[in-house]
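Below is one structure, written out as structure tokens; the observations come after it.
The values are calculated or read from the model by the stated rules, or taken from the named source; none is laboratory data. Nothing here was measured: the structure is a model prediction, and the numbers come from that model. Don't worry about glycine lacking a Cβ; one is built from the backbone with ideal geometry, like all the others, and counts go over all protein chains shown. For the accessible areas, the whole protein counts, side chains as well, though only heavy atoms, and no ligand, DNA or RNA atoms are used. Shrake-Rupley method; radii C 1.70, N 1.55, O 1.52, S 1.80 Å.
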Amino acid sequence: MLHTTSRRRFLQQVGAASVLTAASWSRVLGANENLRLASVGTGGKGWDDLVHISASPKVSVVALCDIDESEPFLGRAATKFKSAKTFTDWRKLLDQPKEFDAISVSTPDHMHAPVALPAMALGKHVFCQKPLTHTVFEARQMRLAAKKYGVVTQMGNQIQSHEAYRTAVKLVRDGTIGKVKEVHSWQAGKMGWLLADDRPKDADPVPEKVHWDNWLGVAPERPYKAKLYHSFNWRGWQDFSNGQLGDFGCHILDPVFMALSLTSPTSIRAEGSVPNREVWYKASVVSYEFPGTDFTANKTLKLTWYDGEGKTPAPEKLGLAANVKLPGSGSLLIGEKGSLLIPHVAMPKLLPEETFKGTKIETVAAVDHYIGWADACRGEGKTTSNFDYASGLTEAVLLGTVAIRVPGETLKWDAAALKVTNSPTADALLKKPYRKGWEPAWV
Ligand SMILES: NC(=O)c1ccc[n+]([C@@H]2O[C@H](COP(=O)([O-])OP(=O)(O)OC[C@H]3O[C@@H](n4cnc5c(N)ncnc54)[C@H](O)[C@@H]3O)[C@@H](O)[C@H]2O)c1
């Protein structure tokens, strides 16, 4: 029998967290029971997530939610998973908590936390795309919620489970390049989604199958404009995304964080700024300082992020020979005995080649990032990009995008207090306003 709690009552209950505990709706799955999956955002990367997670014979797709009912989005998913219920409003899906055990959230970034937080409060296991959230405050909330409700979580930075990144992490942790002195990471690819310099003055009719108000969700209202936002090109806009660093930071910086056991940065400084409060930048350089760890050479570690089309750092600037060809995106970890180049995505390379001529790189086998999560939800194994880890990585990435909006200032970060201590302007950017009636349920 269906659970009939009204949406209003559900939201009231989620708001009053003491009334509704995770245990209310979560259930322990038996060895032969399938994980019942609900997917929110079924087009774009969401389709890929859905196909990968449902490849497990122990997963049944029971619900599909997308704001666009047309073929590449909800339409295609509904054709493949014929028995799944369909929704165009994620709040109506969450109104039926007895119907599913776990949820994947593959919407644009501004809707990750608003969907995932109440799902966790219902005891639902969550797979959520990268970056985990749209703001630093939301990232912290995701960590707190996962802990409070005891659910199994995984961020969708699937390259973490690829043999290339796993091998790179092992090489560093084995001490192959010695302790690490500094790190450089970059993404020199095109920002094909940066299609405007400012908000357009005109609007287009909303397509019949698109639920535009639900797409906006928590974001401030704005009229629909074809191609500029839905789909994919929302990445260019501050209301929905965090630009190139937000898009790629949780991939490219992930093996660096994992290998070096990095925690929160203590300071962040950016060069390169946004043109206004609407769109993201064309190029940036962000300098982070982190506390040192067992894997770093010094008490602090400097990590520099570079992005912008064609702006691969010069090899000489990274202490490499001028003829070393760097990939369009990746990281270079400079150690006491040599350097490790981690292309995004290809097998890592030890440099200089002469130094490491006889060194055999043992490949660490890949694991399945998606099915690994589904199995962990069923009590088998553990996830590696759980929100305890992924929230820290996301906080660091998003702090860089805060700094980009306050360029030329060295921001001091107090992670425990969740505060930029020396810039009220930057501190205010850790949070954002939410549309009235759409305020998320905080922990
Ligand atoms: N891990 C990766 O390699 C990778 C690659 C691409 C994108 N992503 C991430 O995946 C997410 C989606 O990116 P994309 O490129 O697929 O975007 P997209 O706009 O192409 O697709 C988003 C999908 O979500 C749907 N949607 C939008 N708002 C929704 C809402 N409120 N409720 C339900 N459905 C909604 C859209 O209709 C569409 O089907 C982003 O967080 C992005 O950063 C990750």
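Expressed as an acute angle from 0 to 90° and rounded to the nearest 10, what is the orientation of the C-alpha long axis of helix 136-149 relative to the principal long axis of the chain? Long axis of 136-149 versus the principal axis of the chain: about 60 degrees.
Each Lys and Arg contributes +1 and each Asp and Glu -1, all at the Cβ; summed about the Cα centre of the chain, the dipole is approximately 620 debye.
Close amide H pairs (under 5 Å, H built 1.01 Å from N) link residue 85 with 63, 64, residues at least 5 positions away or on another chain. Near residue 227, which lysines are there with a Cα under 23 Å away, not counting those fewer than 8 places off in the same chain? Result set, ordered by chain and number: 45, 130, 190, 201, 209, 282. Adding -39500 (n - 2.57) for every DSSP H run of four residues or longer, then dividing by how many residues the chain holds, sets the calculated 222 nm ellipticity at -7500 deg cm²/dmol.
Where the accessible area of the chain is counted over protein heavy atoms with a 1.4 Å probe, how much of it, in %, is carbon and sulfur?
Numbers: 9560 of 18220 Å².
In the chain, the share of accessible area belonging to carbon and sulfur is 52 percent.
Computed packing ranks the peptides 62-71, 215-224, 259-268 as 62-71, 259-268, 215-224, most packed first, by mean other Cβ atoms within 10 Å.
Taking θ as phi - 60° and the Karplus parameters 6.51, -1.76 and 1.60, the scalar couplings of the stretch 371-383 work out to 5, x, 5, 4, 5, 5, 4, 8, x, 10, x, 10, 8 Hz in sequence order, x denoting glycine and proline.
Please compute the length gained on full extension between residue 32 and residue 364, using 0.36 nm multiplied by the number of residues separating them and subtracting their Cα-Cα distance.
Working: separation 332, 0.36 × 332 = 119.52 nm, distance 3.06 nm.
Fully extending the segment from residue 32 to residue 364 adds 116.5 nm.
Within the straight-line cut-off of under 18 Å between alpha carbons, the aspartates and glutamates reachable from residue 357 are 174, 336, sequence neighbours fewer than 8 places apart in one chain being disregarded.
When the Kirkwood radius is taken over all Cα pairs of the stretch 320-443, what Stokes-Einstein diffusion coefficient follows at 10 °C and 1.306 mPa s, in µm²/s? Don't skip to the end; give the middle numbers.
Numbers: Rh = 19.1 Å.
Roughly 83 µm²/s, to the nearest whole number.
For the chain, the longest principal axis of the alpha carbon atoms and the long axis of helix 387-404 meet at an angle near 70°.
If you sort the three axes of the alpha carbon gyration tensor as a ≥ b ≥ c, you get a/c under 1.5 for the stretch 277-371, which makes it rounded.
Exposed loop sites are taken as trypsin sites (Lys or Arg not before Pro) in a DSSP loop (any state but H, G, I, E or B) with at most 12 other beta carbon atoms within 10 Å; the longest stretch of the chain without one runs 83-189. Once both axes come from the Cα atoms, what is the angle between helix 163-173 and the longest principal axis of the chain, in degrees from 0 to 90, rounded to 10? Relative to the chain, helix 163-173 is tipped by roughly 50 degrees.
Give the dimensionless ratio obtained when the Cα radius of gyration of the chain is divided by 2.2 N^0.38 Å. Walk me through the numbers on the way to the answer.
Details: Rg = 21.8 Å, N = 443, 2.2 N^0.38 = 22.3 Å.
Ratio of Rg to 2.2 N^0.38 Å for the chain: 0.98.
The phi-based Karplus calculation (6.51 cos²θ - 1.76 cosθ + 1.60; θ = phi - 60°) puts the 3J(HN,Hα) values of the stretch 42-55 at 9, x, x, 5, x, 5, 4, 4, 4, 5, 5, 5, 6, 5 Hz, whole numbers, x for Gly and Pro.
Which of the three applies to the stretch 47-129, rounded, prolate or oblate, going by the alpha-carbon gyration tensor with a ≥ b ≥ c and a/c under 1.5 meaning rounded? It would help to have the intermediate numbers written out before the result.
Working: a/c = 1.41, a/b = 1.20, b/c = 1.18.
Cα axes put the stretch 47-129 in the rounded bin.
Pairs exceeding a 28 Å alpha-carbon distance, out of 382/432; 181/431; 147/299; 170/299: 382/432; 181/431; 147/299.
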